[in-house]
1. Any idea how many residues of region A:227-249 are in a loop (DSSP other than H, G, I, E, B) and touching a residue at least 40 places away in the same chain (Cβ under 8 Å)?
2. Which condition number in (1) farther than 30 Å from residue B:246 by Cα; (2) more than 8 Å from chain A (Cβ to nearest Cβ); (3) surrounded by fewer than 23 Cβ atoms within 10 Å (Cβ to Cβ) is the one that residue B:102 fails?
3. Would it be correct to say that residue B:138 is closer than 20 Å to residue A:25 by Cα, touching a residue at least 24 places away in the same chain (Cβ under 8 Å) and either within 11 Å of another protein chain (Cβ to nearest Cβ) or not in a helix (DSSP H, G or I) (or both)?
4. Condition test on residue B:166, is it part of a helix (DSSP H, G or I) and within 30 Å of residue B:72 (Cβ to Cβ)?
5. Go through region A:152-188 and count every residue that is closer than 30 Å to residue A:207 by Cα and buried (at least 20 other Cβ atoms within 10 Å of the Cβ).
6. Quick check on residue B:74: is it in a helix (DSSP H, G or I) and in contact with a helix residue (DSSP H, G or I) (Cβ under 6 Å, 6 or more places away or on another chain)?
7. Any residue in region A:95-102 that is assigned by TED's automatic domain parsing to the domain that holds residue A:214, modelled with pLDDT of 90 or more and either within 30 Å of residue B:199 (Cα to Cα) or buried (at least 20 other Cβ atoms within 10 Å of the Cβ) (or both)?
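The values are calculated or read from the model by the stated rules, or taken from the named source; none is laboratory data. Just so we're clear, the structure is a prediction, and the values are computed from it rather than from any experiment. FYI the Cβ positions are ideal-geometry reconstructions off the backbone, even for glycines, and counts take in every protein chain you see.
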């Protein structure tokens with residue numbers, strides 16, 4: 001009897017894991033199979049030409065470049081804020097109550113849906129009379145990924161062995177020098193992984209920049225220009241009643257999926273490569 | 001090599017850094033507080049015109065005539081979220097137990113990166129997947145099987161897509177919590193003659209229960225706020241759904257579809273900010289709850 005129960009539950013567990021991994025496979029396969037026919041070279045090398053939204057020539061280079069601009073800008077801002085945040089939590093706050101409080105705040109900020117960051121940023125834009133632009137797209141995504149990044153930095157920096165810090169202090173290094181040259185170097189693989197994951201989140205998020213980045217058929221030339229992004233390109237093309245345009249939305253899905261997959265692979269390779277600088 | 005002057009400036013630099021690193025921590029906190037203030041401020045006009053009970057429990061949504069009953073949206077959110085969690089909870093926990101207690105190291109090595117990958121897929125792609133596979137499947141297979149007519153864009157589609165998106169969160173946190181149960185406890189149970197499953201059921205899961213509950217709460221709050229994927233497959237009709245084959249209009253979809261376009265009607269703007277406020281409060285409350293549970297779990301050393 002005991003054996004039967006165990007066998008039943010074990011079978012259920014294996015089935016569950018298959019459902020989870022199967023749904024990942026299904027998501028990728030469905031998008032790739034349905035998108036592949038419309039995926040042409042001009043999709044990734046051209047901006048929309050006249051009549052693009054009626055199914056005529058052109059591509060979504062504007063959205064690809066736009067997404068890269070937005071995610072890169074936002075990630076840079078997020079690093080500048082998140083890294084010192086993590087340094088503070090681990091090196092300066094010590095075991096004080098403040099560290100607990102700020103970690104709790106970080107957890108809460110991580111849980112806030114990206115849509116709300118978008119709504120918040122847009123409210124501010126309305127208040128100061130700003131127009132939708134690359135700059136605001138970057139700021140909105142930065143709002144949303146900074147907590148994520150700070151949290152992942154904090155997690156990797158926490159794993160740095162205390163002995164390493166002690167050794168650094170024993171050599172007469174200040175806290176700043178220790179955190180810069182010892183702790184951060186030791187945590188580098190984790191920091192890089194965190195950055196790439198945050199970049200991926202930034203590139204994939206649509207709900208936050210729905211209100212703030214605008215949309216345009218050209219590649220932005222300044223921070224004040226509106227900017228197209230990949231998720232929104234998919235979303236808008238799907239809304240079209242024309243099958244050829246919808247097919248392009250599927251193809252755009254492949255491009256977005258490919259970027260996310262590449263980021264995931266690169267982060268694994270980088271982690272391995274930089275592991276050699278880590279003292280175990 | 002280091003001159004005396006150098007040492008002083010090094011200390012000075014450290015002291016400056018001590019102050020400087022506080023800035024980001026304060027900045028993130030201030031932004032969070034500013035969000036509450038902005039949402040409250042912009043939502044306040046709607047409180048004056050309508051009592052909060054009408055806002056929450058009335059089903060009449062006629063923005064042009066100034067009637068803002070949020071009940072269809074609230075029930076839409078609840079339907080979709082509960083359905084998604086109903087699917088996610090058993091599957092995720094079983095998977096987590098398998099990965100933590102039974103799986104071979106190699107299986108774990110394959111499964112974990114894939115689950116991480118699932119967590120990284122953008123929500124628009126999930127929405128696309130829903131439109132391409134789940135919506136037609138419901139329209140042509142599942143709904144006829146149940147003897148109803150459905151466009152496929154319905155609560156069930158939203159729930160299914162959302163369930164897949166929440167898998168990684170519940171699995172990874174549950175997995176961590178289960179792994180944190182000390183090996184000695186398992187050994188003690190096994191030494192008493194318990195089978196592996198009995199050990200898992202009576203010792204490991206009981207010990208990990210609070211942590212798993214926290215994982216579920218975090219999954220809930222993620223599901224609550226998810227916008228694009230759900231919006232793309234759920235139909236967006238402001239009615240109170242009567243079955244899983246009816247369309248729904250969850251709160252995030254309402255905000256995403258209308259905010260920024262209805263500026264000409266100030267009351268509408270205010271109503272949408274009220275919706276944002278509801279969402280914010282629920283998500284923050286859930287996160288605090290999960291955090292309290294998790295902190296307790298780890299303090300007890302599981």
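1. So in region A:227-249, the residues in a loop (DSSP other than H, G, I, E, B) come out as A:227-229, A:239-242.
Cutting the leftovers down to touching a residue at least 40 places away in the same chain (Cβ under 8 Å) gives us A:227-229, A:240, A:242.
Qualifying residue count, region A:227-249: 5.
2. Evaluating residue B:102 over (1) farther than 30 Å from residue B:246 by Cα; (2) more than 8 Å from chain A (Cβ to nearest Cβ); (3) surrounded by fewer than 23 Cβ atoms within 10 Å (Cβ to Cβ) leaves (2) as the failure.
3. On the way: closer than 20 Å to residue A:25 by Cα: yes; touching a residue at least 24 places away in the same chain (Cβ under 8 Å): yes; either within 11 Å of another protein chain (Cβ to nearest Cβ) or not in a helix (DSSP H, G or I) (or both): no.
It is false that residue B:138 is closer than 20 Å to residue A:25 by Cα, touching a residue at least 24 places away in the same chain (Cβ under 8 Å) and either within 11 Å of another protein chain (Cβ to nearest Cβ) or not in a helix (DSSP H, G or I) (or both).
4. On the way: part of a helix (DSSP H, G or I): yes; within 30 Å of residue B:72 (Cβ to Cβ): yes.
Judged against the criteria, residue B:166 is a match.
5. 4
6. No: the conditions fail for residue B:74.
7. yes
So that you can scan it fast, the table gives a plain yes or no per residue for (1) touching a residue at least 60 places away in the same chain (Cβ under 8 Å); (2) surrounded by fewer than 16 Cβ atoms within 10 Å (Cβ to Cβ):
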site: B:49; (1), (2): yes, yes
site: B:58; (1), (2): no, no
site: B:65; (1), (2): no, yes
site: B:84; (1), (2): yes, no
site: B:91; (1), (2): yes, no
site: B:98; (1), (2): no, no
